[in-house]
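Below you'll find the structure, written out as structure tokens, and then a few comments.
The values are calculated or read from the model by the stated rules, or taken from the named source; none is laboratory data. Please read all numbers here as calculations on a predicted model, not as lab measurements. Cβ: placed from backbone, ideal geometry, glycine included. Neighbour counts: every protein chain shown. Quick note on the areas: whole protein, heavy atoms, side chains included, nothing else; ligands and nucleic acids left out. Shrake-Rupley method; radii C 1.70, N 1.55, O 1.52, S 1.80 Å.
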Amino acid sequence: MPSKDERRLRVGVLGCGQIAQAAHFESCAKARNADLFAICDIADDLRERMAWTHKPEKSFASYDAMLADPDLEAVIIATADAFHVPAAIRALDAGKHVLCEKPLGVTVEEAEKLREVAEASGLVLQVGHMKRFDAGIQAAKAFIDDGMGELVALKAWYCDSTHRYPMTDATQPLIVRSAGARRPAEDPKADLRRYFMLAHGCHLIDTARYLGGDILAVQARLAERGGMRCWFVDVDFASGALGHLDLTIAVRMDWHEGFQAYGRGGSIIGKTYNPWYFKSSDVDIFHEADGTTRRVLGADGHFYRRQVEGFADTILNAAPMTGANATDGVASVRAMVGISRSAETGRPVALSDASGGV
Ligand SMILES: NC(=O)c1ccc[n+]([C@@H]2O[C@H](COP(=O)([O-])OP(=O)(O)OC[C@H]3O[C@@H](n4cnc5c(N)ncnc54)[C@H](O)[C@@H]3O)[C@@H](O)[C@H]2O)c1
């Protein structure tokens, strides 16, 4: 049994689909300061099987019924992207804290609305950008903030692999699906440009913002050939640092994700693994002052469990939020919209002007 704190956050997971099965149920069960209190899914077969397997205290077919439970303290929203904002607003209205899967929303306007509701509620809203709980990426962030001095340039790349399913099938639990699962009216994969940006682009953008800070403007080019989609993006960081992002779905090789940062007092080279290997990024941090390179091991690579623990710490102990907050979630949606519009028009886009959907 995992060792548990005395006071634990009572979490309910909305959605018993792929990400709940592969990450959130186990994360709540293993978290030192949270419990899997409830699960909810409209699909009876899926919910009953997950209730039997994961043994939450309660299981609900109706989201409203779960939210009405006075013992429930927080919700993880693990549904299709199009449902995130309405589901998060209902939870906040019911007085529950929210950990919302990424991306926060699918349009700038709905994401901004959710941020307003969250801020007015006084409750915690965290976005499921779990890479912020990768110890290697956290070490890079700590050096950028406290040791590297002025950041000059940051490059980041996220290239899915054509071989990703054999990789993830080997390490994830067997995912159970249901014909009764609730899906958005519009098939999220009907437009693959949009789908890849929402599913993968938001991770790349959040890592770039986590390390490089706010993004003011983007200029993007998109190549669609050879069965690949490749976005190359020039980024203006608010700090004045230069940025370059590469989002490619999918490269004909291993999963390829990482970043480089150049600063006055050092440099960083990071290699990030497919998340389902639960391995912290290999991040080499070169310290100009003493000529050494250091790399944290990050033995605990369970980003999803660490994400729940960070969320619970913020709620239970008023610890500073280490995950992505509502402002980060909105900024990520703005950047996805900006990159999409820039690739379509060939012009740079100021993210303050970004509007509409990805
Ligand atoms: N952070 C990551 O690494 C990561 C990885 C994969 C997916 N995701 C995100 O997780 C989210 C969910 O993806 P998925 O593939 O698990 O989705 P999914 O469609 O497989 O599962 C969602 C489940 O939610 C249920 N549901 C939806 N609305 C409901 C409602 N109102 N009441 C009751 N049940 C409801 C559906 O019936 C379905 O079973 C997406 O936003 C995706 O971007 C994140």
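Some points to look at:
- Rolling a 1.4 Å probe over the protein heavy atoms of segment 163-262, with every protein chain left in place, gives an accessible area that is 53 percent carbon and sulfur.
- Prolate is the label for segment 165-236, because a/c, from the alpha-carbon gyration tensor with a ≥ b ≥ c as root eigenvalues, is 1.5 or above and a/b exceeds b/c.
- Ranked by solvent-accessible area (1.4 Å probe, protein heavy atoms only, all chains present), the residues LYS141, LYS155 order from largest to smallest as LYS155, LYS141.
- In the chain, the longest principal axis of the Cα atoms and the axis of helix 202-212 are about 60 degrees apart.
- Length released on extending from ASP44 to ALA185, taking residue separation times 0.36 nm less the Cα-Cα span: 48.8 nm
- Relative to the Cα centre, the charge distribution of segment 134-242, modelled as +1 at Lys and Arg Cβ and -1 at Asp and Glu Cβ, gives a dipole magnitude of about 600 debye.
- Segment 242-328 - accessible surface per residue (Å², probe 1.4 Å): 44 Å²
- Using θ = phi - 60° and Karplus 6.51 cos²θ - 1.76 cosθ + 1.60, couplings along segment 15-21 (whole Hz; Gly, Pro as x): x, 10, x, 4, 6, 5, 5
- Shape of the chain from the C-alpha gyration tensor: prolate (a/c of 1.5 or more and a/b above b/c, with a ≥ b ≥ c the square roots of its eigenvalues).
- On a per residue basis, segment 1-112 carries 39 Å² of accessible surface, using protein heavy atoms and a 1.4 Å probe.
- Long-range HN-HN contacts of ILE76 with modeled amide H, under 5 Å: GLY12, VAL13, LEU14, LEU99
- Accessible surface comparison of VAL337, VAL152, probe 1.4 Å, protein chains only, largest first: the order is VAL152, VAL337.
- Simple Cβ-charge dipole of segment 1-124, Lys/Arg +1 and Asp/Glu -1, about Cα centre, in debye nearest 20: 460 debye
- The residues of segment 133-176 expose on average 46 square angstrom of accessible surface per residue, using a 1.4 Å probe on protein heavy atoms.
- Of all aspartates and glutamates in the structure, those lying under 13 Å Cα to Cα from LYS189, and not within fewer than 8 positions of it along the same chain, are ASP81.
- Cα-based shape type of segment 68-138, given that a ≥ b ≥ c are square roots of the gyration tensor eigenvalues and the cut on a/c is 1.5: oblate
- Per-residue ellipticity at 222 nm from helix content only, as computed over the chain with -39500 (n - 2.57) for each DSSP H run of at least four residues, stands at -10000 deg cm²/dmol.
- Calculated FRET value between GLU288 and THR162, using beta carbons and R₀ = 45 Å, to 0.05: 0.70
- When a 1.4 Å probe is rolled over the protein heavy atoms, the share of accessible surface on segment 294-346 that falls to carbon and sulfur comes to 53 percent.
- Simple point charges give the picture: +1 on the Cβ of Lys and Arg, -1 on the Cβ of Asp and Glu, and for the chain a dipole about the Cα centre of about 660 debye.
- Accessible heavy-atom area order of LYS131, LYS189, highest first, probe of 1.4 Å: LYS189, LYS131
- In the assembled protein chains, SER352 presents an accessible area of approximately 100 Å² (probe radius 1.4 Å).
- Candidates HIS302, HIS244, HIS163: whichever shows maximal mean-square fluctuation once the chain is modelled as a Gaussian network with Cα springs under 10 Å: HIS163
- For the chain, the longest principal axis of the C-alpha atoms and the axis of helix 303-317 are separated by about 70°.
- Of the residues ALA185, CYS202, GLY147, the one whose Cα sits farthest towards the positive end of the charge dipole of segment 135-204 is ALA185 (charges of +1 on Lys and Arg Cβ, -1 on Asp and Glu Cβ, taken about the Cα centre).
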